[in-house]
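Visitor: Got a structure for you, written out below as structure tokens; questions coming shortly.
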Amino acid sequence: MYCVSYGSAFAGGSLTVPPSKSAAIRALLCGALSRCTSGREGVIENLYPSEDITATERAAGILCAGGGGEVDCGESGSLLRFIIPIAAALGGRWRFTGRGRLPQRPLGVYAELLPAHGVAFKNETGGLGLPLEIEGRLAPGRFCLPGNISSQFVTGLLMALPLLEGDSELVLTSPLESIGYVDMTLEVLRDFGVRVDPIAGGWHVPGGQRYERFGYRVEGDWSQAAFFLNMAALSPIGAVVRLRGLRPDSLQGDRACVEVFGRFGLDIGWEGEELVARNKSAREPFGGLVGQELDVSNITDMVPAAAVCAALCRGETRFENGGRLRLKESDRLSAMCRAINALGGQAAEEGDTLVIRGVERLEGGRAQGCNDHRVVMALAGAGLRSKAPVEVTEAYSINKTYPTFFEEYRRLGGIANVLQLG
């Protein structure tokens, strides 16, 4: 096992944010469906070769071959939940596998919906995880599902239903969380020539559609930007961070990181096409940062970075409505609570709320990365205001979405030494 040791140095500078993993997975699958349905070879530009994207590219190739097959989804929950109904819509016999925590992530929505629409659904383990086999072809109709479990189920169905022979309706039985991700899906579908009509409580999806697109460029990733805004907030010298490649009008939910870190006390704004951030009160007690209350139901991916900032703010920060954080690559509520406490901070779980009371400096030490890329990257900020180095286990879990993170962090003057544990 490898751990990464973070130190307190950070000079700041300019960085081009990696492309959005969420947008890229959607675009790659839509590109594959363009080849399947219209025979047009679309070009997806600005891809970043993370493990999740590599898994999606492999899966897209299998989709295009048609007739069924085995799809290894790696550790990507997005890919798994998107591709199951798409494969069902194309028809045939399919088998899905994965690793890490992915085989335990919930699939119960599909276990109910797919058999009701003509597709056999079988788990080899007898549960609701992986490996999973499906067989048959999805029939059109009315699809009812809750909106508060994961928007990924909604996205998967929105991508699949246009392929069916007849029209369908997708109806939500509870309020939709992570609405920004569904808005992103609808935007990508429009870009690939697919029509989805809003109705009360859901969408009407005409069947018999073709995906058509020649080229698509993936936008920058706001969830990755949050890690560098956290560093700007916690830099003891008020280092300036300039981020390029982000869309100010992006539909990504994590674009809210501008507002969230601004409320902590970070000075942040646009200068041309760059998002520029600096903590002008960095040398004051608590770095001039203050706690806040946050509803995180729509910003789950940026919670680890915001939790580290909260650990070093004056007063209390509450991350409320965080139940879905427990279903990610790790139980992120517990992972961040344990990590902050292990480093000398003050954090507690109250149901699905994470409560953090800030300290001026952390003590340092070792925290568990929980094989979660976002936990490992978020804790880089903890090293900036810690008396001793911060060591985080499972360092290379970053390969899931951002393999060059340590390299980019060092280029900005940060310390990130990867060590092999005995």
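Visitor: Please go through (1) within 29 Å of Ser20 (Cβ to Cβ); (2) free of Cβ contacts under 8 Å to residues at least 60 places away in the same chain; (3) of a type outside the set (Phe, Trp, Tyr); (4) touching a helix residue (DSSP H, G or I) at 6+ places or on another chain (Cβ under 7 Å) for Glu407 and return the number of the only condition it doesn't satisfy.
Guide: Of everything listed in (1) within 29 Å of Ser20 (Cβ to Cβ); (2) free of Cβ contacts under 8 Å to residues at least 60 places away in the same chain; (3) of a type outside the set (Phe, Trp, Tyr); (4) touching a helix residue (DSSP H, G or I) at 6+ places or on another chain (Cβ under 7 Å), Glu407 misses just condition (4).
Visitor: Now for a separate question. For Leu189, indicate whether it is open to solvent by less than 40 Å² (accessible area, probe 1.4 Å), assigned to a helix (DSSP H, G or I) and either closer than 18 Å to Thr37 by Cβ or in contact (Cβ under 8 Å) with a residue 12 or more places away in the chain (or both).
Guide: It is true that Leu189 is open to solvent by less than 40 Å² (accessible area, probe 1.4 Å), assigned to a helix (DSSP H, G or I) and either closer than 18 Å to Thr37 by Cβ or in contact (Cβ under 8 Å) with a residue 12 or more places away in the chain (or both).
Visitor: Turning to a different aspect of this structure: Consider Ile356 carefully, then state whether it is farther than 28 Å from Leu80 by Cα and open to solvent by less than 20 Å² (accessible area, probe 1.4 Å).
Guide: So Ile356 fits the description; yes.
Visitor: So, of the residues in segment 118-131 that are modelled with pLDDT of 95 or more and in a strand (DSSP E or B), which turns out to be surrounded by the most Cβ atoms within 10 Å (Cβ to Cβ)?
Guide: Only one residue fits best here, namely Val119.
Visitor: Where the second residue is not in a loop (DSSP other than H, G, I, E, B) and the first is at positive phi and lies in segment 298-316, which pairs have Cβ atoms under 7 Å and are six or more apart or on separate chains?
Guide: Every condition considered, the pairs that remain are Gly315/Val290.
Visitor: Restricting the first residue to segment 234-257 and requiring it to be assigned to a loop (DSSP other than H, G, I, E, B), which pairs with a second residue that is of a type in the set (Asp, Glu) and open to solvent by 50 Å² or more (accessible area, probe 1.4 Å) meet a Cβ separation below 8 Å and a spacing of at least six or different chains?
Guide: Close Cβ pairs satisfying both conditions: Leu251/Asp183.
Visitor: Still on this model: Among (1) surrounded by fewer than 22 Cβ atoms within 10 Å (Cβ to Cβ); (2) outside any helix (DSSP H, G or I); (3) of a type in the set (A, V, I, L, M), which single condition is Leu275 missing?
Guide: For Leu275, the exception is condition (1).
Visitor: Filter segment 78-103 down to residues that are surrounded by fewer than 20 Cβ atoms within 10 Å (Cβ to Cβ), over 15 Å from Leu164 (Cα atoms) and at pLDDT 95 or above, then give me how many there are.
Guide: The number of residues fulfilling the criteria is 3.
Visitor: Filter segment 15-61 down to the residues that are in contact with a strand residue (DSSP E or B) (Cβ under 8 Å, 6 or more places away or on another chain), surrounded by fewer than 19 Cβ atoms within 10 Å (Cβ to Cβ), not charged (D, E, K, R) and not in a loop (DSSP other than H, G, I, E, B) and list them by number.
Guide: Those that are in contact with a strand residue (DSSP E or B) (Cβ under 8 Å, 6 or more places away or on another chain), surrounded by fewer than 19 Cβ atoms within 10 Å (Cβ to Cβ), not charged (D, E, K, R) and not in a loop (DSSP other than H, G, I, E, B): Thr16, Val43.
Visitor: Out of everything in segment 318-348 that is under 23 Å from Gly100 (Cβ atoms) and of a type in the set (D, E, K, R), what residue ends up being least open to solvent (accessible area, probe 1.4 Å)?
Guide: Arg332
Visitor: Run Pro115 past the list (1) in contact with a Lys or Arg (Cβ under 9 Å, 6 or more places away or on another chain); (2) closer than 22 Å to Leu164 by Cα; (3) assigned to a helix (DSSP H, G or I) and report the number of the one that doesn't hold.
Guide: Failed condition: (1).
The values are calculated or read from the model by the stated rules, or taken from the named source; none is laboratory data. Predicted model, so just to flag it, every value in this text is computed and none were measured. Note that we place each Cβ from the backbone using ideal geometry, even for glycine, and neighbour counts take in every protein chain shown. Surface accessibility is based on the protein's heavy atoms, side chains included, excluding ligands, DNA and RNA. Shrake-Rupley method; radii C 1.70, N 1.55, O 1.52, S 1.80 Å.
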